[in-house]
Every structure is written in C-alpha cells, then in structure tokens.
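Colleague: Provided herewith is a single structure, encoded as structure tokens, for subsequent inquiry.
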C-alpha cells in the first residue's frame, strides 16, 4: 500500500434543486466536462466540481442527507492571480445569483484580497488572491501540477 498523498481533485455537492444549481454554475461560464439528467461536472483548473441530487448522494454513500441549518460548514477556495480578479469574479457570481456574504476586501487572515459568496443553496466559496510566495499558494499550485 502506498503512503503517498491521495489524488483528490473532485468535489461533489449534494444539491436539493439540481437544475437551479446547474444553471447557477453554468451562468458563471465554467466549462462542462459531463452533463446528464442528474449529474454534471464542471472543469476547474486542477479540479472538477460535480453536482448530484442530495437524495441520490445520500443513497450512494449509505448516509443520511444533511440539508444544513443556514450557516457555514465549509468553504471551497477559488484562487485568482490578481487582486482585481477577486472583484471581477465577485461581480460575476452576484450576476449569476450568488449572495455575497463578504464583499472584496483586503484579507484579514493573510496578505492579499478575498471575498465570500454562497451559491443558491448556501454552499460557501471564498475568492482569494495571495502573493505567489504564500506557502498555501505554493502548495496548491504544486498539488495541481502547475509548478
């Protein structure tokens, strides 16, 4: 058995309103790698975001569906290359139907700029810019095979 770090580059969101969520991510202009009646995969640089109806995800995993209580439980980070891209992507997600929970500002916990939004079902995303010498940026680029 290998002790190397696993290759984990697919994120699946179990969604309650599949069509609304599909429409939201399509409105962002993210390329679709696969699309069917109940599963869609969007290509991101270095990862795939997939959507699957929550009840089917629960059945597939043999787990109880969690519909959430309206607060943040996790966030996924979209890394951008410049501070201006934080603002530009924030504008795009709002136009597509997201709720901006933190408008673009200078980051509080790292050097850079960030914003937070939630999609129509309350899944949270952070849009973040950090300088190239940030250790997390270095590690994420290495993990994605960019460096």
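The values are calculated or read from the model by the stated rules, or taken from the named source; none is laboratory data. Predicted model only: the values in this text are computed from it and were never measured. Note: ideal-geometry Cβ built from the backbone for every residue, glycine included; neighbour counts use all protein chains shown.
Colleague: Take the residues of region 114-131 that are in a loop (DSSP other than H, G, I, E, B) and under 21 Å from residue 81 (Cα atoms): which is farthest from the chain's Cα centre (by Cα)?
Modeller: Filtering region 114-131 for residues that are in a loop (DSSP other than H, G, I, E, B) and under 21 Å from residue 81 (Cα atoms), the one farthest from the chain's Cα centre (by Cα) comes out as 131.
Colleague: Pick out the one residue from 89, 13 that is in the same structural domain as residue 103 (by TED's automatic domain parsing) and touching a strand residue (DSSP E or B) at 6+ places or on another chain (Cβ under 9 Å).
Modeller: 89
Colleague: Another one. If I go through region 11-34 residue by residue, how many of them are in a strand (DSSP E or B) and surrounded by 13 or more Cβ atoms within 10 Å (Cβ to Cβ)?
Modeller: Going through region 11-34 one residue at a time, the tally reaches 6.
Colleague: Take the residues of region 46-93 that are crowded, with 18+ Cβ neighbours inside 10 Å and in contact (Cβ under 8 Å) with a residue 60 or more places away in the chain: which is farthest from the chain's Cα centre (by Cα)?
Modeller: So, considering only residues that are crowded, with 18+ Cβ neighbours inside 10 Å and in contact (Cβ under 8 Å) with a residue 60 or more places away in the chain, the one farthest from the chain's Cα centre (by Cα) is 93.
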